[in-house]
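Shown next, in structure tokens, is the structure this report addresses.
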Amino acid sequence: MSAALFRRTVAAGRWRLLAVAAGLATWGFLLPVIYATFGADFRQLVESGYFADLFDAFTAFGGGSVFTLDGSVALGFLHPIPIALVAVLAIGYPVAALAGERQRGTLEVLLARPLSRRRVYATAMAATIAYVVVALAANLAGVVAGAVLFDVADELEPARLLLVWANAVLLFATLGAVALAVSATFDRFEPALGLVLGFAFVSYAVELLGTLWPDMAAWRPWSFFHYFQPAEILAGDASPVDAVVLAGISVAAVFYGLWIFPRRDLAAPS
Amino acid sequence: MNAIETIGLSKAYADRGGLGRLGGRRRQPILALDDMTLTVRPGEIFGFLGPNGSGKTTCIRLLLGFLHPTGGSARVLGLDTGTDSVAIRGRVGYLPGGIALYDAMTGRDLLDYLARLYGRPPALRSRLLDGLELAARDLARPVRDYSRGMRQKVGIIQALQHDPEVAILDEPSEGLDPLMQRAFYEILDERRSAGRTVFFSSHILSEVERVCDRVAIIRRGRLVALEEIGVLLARRRRAVEMRVDGAPPVLAGIPGVSGVVVADGRVRCQLEGDVRPFLAAIARSPVTDLTIEPARLEEAFLELYEDDVEP
């Protein structure tokens, strides 16, 4: 890894990181607030039994809901809004870091220095992880702040909350590793971004539909999002297999990227 | 040890590999560089000449390890471009053609950043800034506000500021006005005086003629000439015109003379190589006026490319 390149990367992306972190912190803050304010009313509705099927379906996806604090925290990580926000960094940055720089022509200015391509790749991967860690930490901080300010913090289990955060970091780092591997393979930004976004969208849709539609359930293990179940973690049922699968995919993607990137011809940008 | 050495260097662009196939259509292999063998000596300014698409940039990118050769090999400062490209890039300064810069950075931040990645102090920066008339206030502005000429100046400075042993410059004077071109040539002369090597590609013949010690001419990926500038010029056909007051000189069979036309007391011909046989042949003729056009690299270039020149 190159320290100078890492510092420059983080400095260049600091405003984007701040904006995403602020968005995630706000989102994370809102969910305990909604739970503290309306959770009891929602719970009464659930317990009335009138909408039992609807609520079952609503909470099936990752256990996300605002009827419990755990459900609120799970929703804070699994809702499309935080996923889209984190994807700006976990997918947008790695695709821009290689394919984007390649298309602009700045990659050859960078690689004219005494930096191996593997070192550049490793630095981009480290920056991706750093962005994800900071962004999700903001989300976590928002959750904690909301829970403390609205007096529901005693319902949180700090160790389990940290485990959710770590699992979320692993999920988005895996997406980032895949995005960077694709980025290393393409000469242009748009096709690489389209491919990774399409892949992430399909993966999310498979898990979502699999939880709602029994015929799709068998497909769920093919989704990245299947290996992030925050409600189960908060309930004390964390599965180490999830972490192993995500870590395995990350390692495979990084190895592929480190193998393909130095072997590629970097012809003049068109 | 040569500064640069290529032996049978070849590059054919094949279809895209890996997932890149999804990003574009498969292509037929194109032979961009074919069996290129040349050497660049330490301390010389070497011109690499050819029209667009002739393979100049491909050759440069092979020297820096951006491309992988499909045949032959290359060494820079004695190091193999395939296995030692990082070490090579630590001792080389490179200016890409049509350089792209980080637009959000100021000129100074950009130069500092690129120097840091070398891990060597930018010892020549102030001299280059003075020579290319780039003021401190210019460097304080974001690169996105720069004109094309200013971008090119920053490109030249980033390539040379760390005093590299070899500078590889792709179309370095593109975008510079004539005054700045002259300043750039002075910088190249200084590099030569300091014993550094400069390898630069160009299609501006006058600048190659002005600054280079030797020139290689490349055509459709093949090296067609590699000469000292003086030798190349001496081989060119120069146009000769003379007025005679009486019988014209007999030029048939004189070495180097061709295309003799006699009309209205004028003799026109073309002269190639050594001028002494020609001068001996006309010495006793009643010549009243004689013009021998100086040899120009442009003509040498056009002769080598005459098949490509559209009517």
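General remarks:
- One residue alone among A:G105, A:G63, A:G146, A:G76 is closer than 30 Å to B:L111 by Cβ and at pLDDT below 90, and that residue is A:G105.
- Selection within the stretch A:247-270 - of a type outside the set (A, V, I, L, M), away from chain B (no Cβ under 14 Å) and in contact (Cβ under 8 Å) with a residue 60 or more places away in the chain: A:S250
- The set of residues in the stretch B:50-100 that are closer than 20 Å to B:E171 by Cα and among the hydroxyl-bearing types (S, T, Y) comprises B:S54, B:T57, B:T58, B:Y94.
- Any helices (runs of 4 or more DSSP H) falling wholly within the stretch A:73-150 and containing at least 1 residues that are within 14 Å of chain B (Cβ to nearest Cβ): A:101-104, A:106-111, A:117-149
- Condition check for B:S201: of a type in the set (S, T, Y), closer than 29 Å to B:V143 by Cα, part of a strand (DSSP E or B) and out of contact with any His (no Cβ under 9 Å at 6 or more places or on another chain): yes
- Flag for A:L85 being touching a residue at least 60 places away in the same chain (Cβ under 8 Å) and either crowded, with 24+ Cβ neighbours inside 10 Å or farther than 18 Å from A:L170 by Cα (or both): no
- Number of positions in the stretch A:178-232 that are in contact (Cβ under 8 Å) with a residue 40 or more places away in the chain and not in a helix (DSSP H, G or I): 5
- Unmet criterion (only one of (1) of a type outside the set (D, E, K, R); (2) surrounded by fewer than 21 Cβ atoms within 10 Å (Cβ to Cβ); (3) under 24 Å from B:L64 (Cα atoms); (4) over 25 Å from the mean Cα position of the chain (by Cα)) for B:A194: (4)
Matching residues to (1) of a type outside the set (S, T, Y); (2) under 23 Å from B:F48 (Cα atoms); (3) at pLDDT 95 or above; (4) out of contact with any helix residue (DSSP H, G or I) (no Cβ under 6 Å at 6 or more places or on another chain):
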residue: B:L117; (1), (2), (3), (4): yes, no, no, no
residue: B:A123; (1), (2), (3), (4): yes, no, no, yes
residue: B:R127; (1), (2), (3), (4): yes, no, no, yes
residue: B:D130; (1), (2), (3), (4): yes, no, no, yes
residue: B:L139; (1), (2), (3), (4): yes, no, no, no
residue: B:P142; (1), (2), (3), (4): yes, no, no, yes
residue: B:S173; (1), (2), (3), (4): no, yes, no, no
residue: B:A183; (1), (2), (3), (4): yes, yes, no, no
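- Residues (modelled with pLDDT of 85 or more, surrounded by fewer than 18 Cβ atoms within 10 Å (Cβ to Cβ) and over 11 Å from B:G47 (Cα atoms)) located in the stretch B:197-247: B:R220, B:R222, B:V224, B:A239, B:E241, B:R243, B:D245, B:G246, B:A247
- Just one of the listed residues (A:D265, A:D215, A:D237) is on the phi < 0 side of the Ramachandran plot and touching a strand residue (DSSP E or B) at 6+ places or on another chain (Cβ under 9 Å), and it is A:D265.
- Filtering B:V92, B:V86, B:V76 for residues that are over 24 Å from B:V154 (Cα atoms) and of a type in the set (A, V, I, L, M) leaves a single hit, B:V76.
- Filter result for A:A247 (surrounded by fewer than 19 Cβ atoms within 10 Å (Cβ to Cβ) and closer than 24 Å to A:P82 by Cβ): yes
- If you go through the stretch B:73-123 and keep only what is among the small types (G, A, S), under 23 Å from B:G8 (Cβ atoms) and away from every other protein chain (no Cβ under 12 Å), you end up with B:S73, B:A74, B:G78.
- Selection count where residues are under 16 Å from the mean Cα position of the chain (by Cα), within 14 Å of chain B (Cβ to nearest Cβ) and over 14 Å from A:G257 (Cβ atoms), scope the stretch A:172-196: 1
- So A:V244, is it of a type in the set (V, I, T) and away from every other protein chain (no Cβ under 14 Å): yes
- When residues of the stretch B:204-242 are limited to those that are part of a strand (DSSP E or B) and of a type in the set (D, E, K, R), the one nearest to B:R192 (Cα to Cα): B:R214
- Set side by side, the residues B:L132, B:L160 differ, and just one is within 13 Å of chain A (Cβ to nearest Cβ), within 21 Å of A:A112 (Cβ to Cβ), within 25 Å of the chain's Cα centre (by Cα) and of a type in the set (A, V, I, L, M), which is B:L160.
- The set of residues in the stretch A:150-198 being of a type in the set (S, T, Y) and closer than 22 Å to A:P82 by Cα consists of A:T174 alone.
The values are calculated or read from the model by the stated rules, or taken from the named source; none is laboratory data. Values in this document were obtained by computation on a predicted structure and should not be read as measured data. Counting neighbours? That spans all protein chains shown, and the Cβs are built from the backbone with ideal geometry, glycine included.
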